[in-house]
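Encoded as structure tokens, the structure appears first; notes follow it.
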Amino acid sequence: MTYLLDASPVIAMARAGQLDVLRRAATPAAITAQVKAELLRREDTTTPGIREAMDAWLKPRRGGRPGEQFHRLGLGDGEASVLASARATDIAVLDERPARMLARSLGIPHTGLVGLLIDGARSGRITVEEAEQCIDSLSASGFWLSPGLLAAARRAMAEEEE
């Protein structure tokens, strides 16, 4: 199983200062060429460590080219490339609702960033405390989490601590 990451989760975790936790939660991790290009375009002082992560542990994934149907649905190049490149053994990590809905309709296993953190805590790749701290750091850094998602994440973390 490989976590195939869109740019949004990587950027959000960089802004929250939590790339090391992402590395451990999403092991192994891959990105498409389109996601890599987006990360390089959006690299600045608010996203420290992205280039190093690409060199060290965000492995390149060669894959399918997204068709026009993905773009007609409003997906960006990165999201479309993740969906076009996903294999049956991958979990696509997508935070935008249209991309997740399309993944579901295509039968592509997927999760969002918060789901990835919960999964990482459940599997022991990261601790529950690290997952909780990441969620707090994401929220503090401006990553939007709906009240419902935040409450569900807190419940899941509480269950893991029991």
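What the table shows:
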item: Which numbered condition Ser123 misses (of (1) touching a strand residue (DSSP E or B) at 6+ places or on another chain (Cβ under 6 Å); (2) surrounded by fewer than 20 Cβ atoms within 10 Å (Cβ to Cβ)); result: (1)
item: Filtered residues of segment 54-79 (kept if among the basic types (Lys, Arg) and surrounded by fewer than 17 Cβ atoms within 10 Å (Cβ to Cβ)); result: Lys59, Arg62, Arg65, Arg72
item: Scan of segment 140-162 for residues that are within 15 Å of the chain's Cα centre (by Cα) and over 22 Å from Ala92 (Cα atoms), ordered by number; result: none
item: Residues within segment 6-28 that are more than 16 Å from Arg41 (Cα to Cα), of a type in the set (A, V, I, L, M, F, W, C) and not in a loop (DSSP other than H, G, I, E, B), tallied; result: 5
item: Near pairs, Cβ below 7 angstrom, 6+ apart or cross-chain, from segment 112-127 (without any contact (Cβ under 8 Å) to a residue 12 or more places away in the chain and over 13 Å from Ser8 (Cβ atoms)) to any residue that is of a type outside the set (S, T, N, Q) and assigned to a helix (DSSP H, G or I); result: Thr127/Ala121
item: Criterion violated by Arg104 - all others in (1) charged (D, E, K, R); (2) without any contact (Cβ under 8 Å) to a residue 12 or more places away in the chain; (3) buried (at least 20 other Cβ atoms within 10 Å of the Cβ) satisfied; result: (3)
item: Hey, Lys36 within 15 Å of the chain's Cα centre (by Cα), surrounded by fewer than 17 Cβ atoms within 10 Å (Cβ to Cβ) and not polar (S, T, N, Q) or not; result: no
item: Hits in segment 128-149 - residues which are free of Cβ contacts under 8 Å to residues at least 12 places away in the same chain and in a loop (DSSP other than H, G, I, E, B); result: Trp144, Ser146
item: Top-ranked residue of segment 67-111 - restricted to ones that are under 17 Å from Ala12 (Cα atoms) and charged (D, E, K, R), ranked as farthest from the chain's Cα centre (by Cα); result: Arg97
item: Qualifying residues in segment 77-101 (those that are without any contact (Cβ under 8 Å) to a residue 60 or more places away in the chain and small (Gly, Ala, Ser)) - the one farthest from Val35 (Cα to Cα); result: Ala88
item: Candidates Pro9, Pro28, filtered to the one that is exposed (fewer than 13 other Cβ atoms within 10 Å of the Cβ) and under 23 Å from Ile108 (Cα atoms); result: Pro28
item: Segment 85-95, subset part of a loop (DSSP other than H, G, I, E, B) and in contact with a helix residue (DSSP H, G or I) (Cβ under 6 Å, 6 or more places away or on another chain), residue surrounded by the most Cβ atoms within 10 Å (Cβ to Cβ); result: Leu94
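Each value in this text was obtained by applying a stated rule to the coordinates, not by laboratory testing. Owing to the predicted nature of the structure, the values given are computational and were not obtained by experimental measurement. Neighbour counts run over all protein chains shown; Cβ positions are idealised from the backbone, glycine included.
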